[in-house]
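A.B. asks: Right, I'll just put the structure down here and ask away after.
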Amino acid sequence: MADLILNVDFAPSERPRKKEPGNRKHKSFLQRRRALERRGVLKQKQLPPPGRGPQKQPGPRGGGLRAAGAAGRNPEKPNSIQAKPCPKANGPASITRSTGLPSKPKTTARGAAKGNQRAPGFPPQPSKLVAIDCEMVGTGPGGRTSDLARCSIVGYQGDVMYDQYIRPAAPIVDYRTRWSGIRRQHMANAVPFGKAQREILRILSGKIVVGHAIYNDFKALKYFHPKALTRDTSKIPLLNRKGGFPENTAISLKRLVKELLHKDIQVGKSGHSSVEDARATMELYKVVEAEWEQHLMLNPERE
């Protein structure tokens with residue numbers, strides 16, 4: 001009796017996969033879409049671009065079509081950040097991208113020429129220098145209060161920039177003619193103090209002002225000029241040294257001019273001339289101008 005051989009396959013048989021439940025719905029959706037397209041119901045913006053369907057790209061949730069649209073806007077670098085425009089070359093210093101440090105602003109030829117007009121330690125420009133001298137009269141009880149009655153301002157070359165008789169606000173008790181040279185008739189057409197003060201301060205603004213015992217002139221003007229822009233020839237030891245006087249002693253303008261300039265001023269009985277005194281003060285300053293300006297630059301804390 002022949003042996004009976006059974007060929008039994010115990011491997012589980014593969015069952016046919018069920019169609020995905022979404023396929024039928026998708027086909028139905030496409031059929032309705034085509035019908036609507038043929039009828040012209042769908043708007044143009046709802047239609048896909050010609051010859052190109054929606055592209056899906058892997059990405060975070062909510063990517064899909066949105067990511068594809070972003071890639072279409074910038075296909076080369078979808079995540080690139082546009083660089084901000086650099087600030088103007090002649091504006092504030094910009095920050096370099098490589099070092100992160102502020103870059104130096106570009107200097108124009110005009111700016112370089114303006115900045116190099118005068119090196120430190122040299123005398124200031126003549127147009128920036130003026131000399132002032134004032135004459136006072138006595139007001140108040142006993143005429144003991146000094147009020148401005150004349151003011152003269154000259155330029156570097158001695159040219160008169162301002163010279164006016166000034167009427168004080170208070171009544172004049174003592175004209176002090178022997179020293180001031182002021183008389184009653186000078187007050188007839190004198191400029192009121194308020195107006196004169198505005199005119200004088202406009203001239204002095206931004207200037208280096210030279211004077212002898214100049215604090216008295218500023219006091220009469222009711223004004224304080226910046227100390228860094230003030231040159232008082234009564235307080236320049238170098239002038240005293242050149243004239244053979246003690247350095248720390250206030251010497252009169254008349255004596256300094258006689259010794260250093262070999263001139264006589266403030267002579268006669270008609271009183272002082274504020275124009276003559278202002279010119280003499282400027283000439284004294286010129287004697288030590290370069291040395292004194294260099295001294296001030298090297299010793300700013302003392303001034």
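We did not get these values from a lab; they are worked out from the coordinates using the rules stated. On a predicted model such as this, the values are computed, not experimentally measured, just so you know. Here Cβ is always computed from backbone atoms with ideal geometry, including for glycine, and neighbour counts include all displayed protein chains.
A.B. asks: Given the peptides 265-273, 24-32, arrange them by the average over their residues of other C-beta atoms within 10 Å, most packed first. Before the final figure, lay out each step's value.
C.D. replies: Working: 265-273: 13.9, 24-32: 10.2.
Per-residue Cβ counts within 10 Å, averaged per peptide and sorted highest first, yield 265-273, 24-32.
A.B. asks: Over the stretch 126-302, what is the relative contact order in percent, taking alpha-carbon pairs closer than 8 angstrom and at least six residues apart? Could you put the intermediate results ahead of the total?
C.D. replies: On the way: 300 pairs, mean separation 42.1, N = 177.
Computed value for the stretch 126-302: 24 percent relative contact order.
A.B. asks: Over 19 Å between C-alpha atoms is what I'm after, so list which of Lys207/Lys227; Lys235/Lys258; Lys128/Lys219 land there. Present the calculation step by step, with values, prior to reporting the outcome.
C.D. replies: Working: Lys207/Lys227 11 Å; Lys235/Lys258 17 Å; Lys128/Lys219 22 Å.
Beyond 19 Å between Cα atoms: Lys128/Lys219.
A.B. asks: At a 10 Å Cβ-Cβ cut-off, how would you order Ile208, Ile182, fewest neighbours first? List each step's numbers first, then the result.
C.D. replies: Values: Ile208 21, Ile182 24.
The most exposed by this proxy come first: Ile208, Ile182.
A.B. asks: What Kirkwood hydrodynamic radius, in Å, does the stretch 122-176 give when the mean of 1/r is taken over all pairs of distinct Cα atoms and then inverted? Don't skip to the answer; put the middle values down first.
C.D. replies: Details: mean 1/r = 0.0788 Å⁻¹.
Roughly 12.7 Å, rounded to one decimal.
A.B. asks: Less than 12 Å Cβ to Cβ from Met187, Lys/Arg counted +1 and Asp/Glu -1: what total charge do the surrounding residues give?
C.D. replies: With Lys, Arg at +1 and Asp, Glu at -1, the net is +3.
A.B. asks: DSSP loop chymotrypsin sites (Phe, Trp or Tyr not before Pro) in the stretch 198-254 with at most 13 other Cβ atoms within 10 Å of their Cβ, which ones? All intermediate terms of the calculation are to be shown ahead of the outcome.
C.D. replies: Numbers: sites: Tyr215, Phe218, Tyr223, Phe224; in loops: Tyr223, Phe224.
Taking the stretch 198-254 and a limit of 13 other Cβ atoms within 10 Å, the loop chymotrypsin sites (Phe, Trp or Tyr not before Pro) found are Tyr223, Phe224.
A.B. asks: Rule-of-thumb check for the stretch 126-302: C-alpha Rg over 2.2 N^0.38 Å? Intermediate values should be presented prior to the final figure.
C.D. replies: Numbers: Rg = 16.2 Å, N = 177, 2.2 N^0.38 = 15.7 Å.
Normalised Cα radius of gyration, the stretch 126-302: 1.03.
A.B. asks: How far, in nm, would the chain grow between Ala170 and Ser252 when pulled straight, counting 0.36 nm per residue and subtracting the alpha carbon separation? Present the calculation step by step, with values, prior to reporting the outcome.
C.D. replies: Numbers: separation 82, 0.36 × 82 = 29.52 nm, distance 2.91 nm.
Full-extension gain reported as 26.6 nm.
A.B. asks: Further question: ³J(HN,Hα) across the stretch 249-262 via Karplus (A = 6.51, B = -1.76, C = 1.60, θ = phi - 60°), whole Hz, x for Gly/Pro?
C.D. replies: Along the stretch 249-262, the couplings run 10, 7, 9, 5, 4, 4, 6, 5, 5, 5, 7, 9, 10, 6 Hz.
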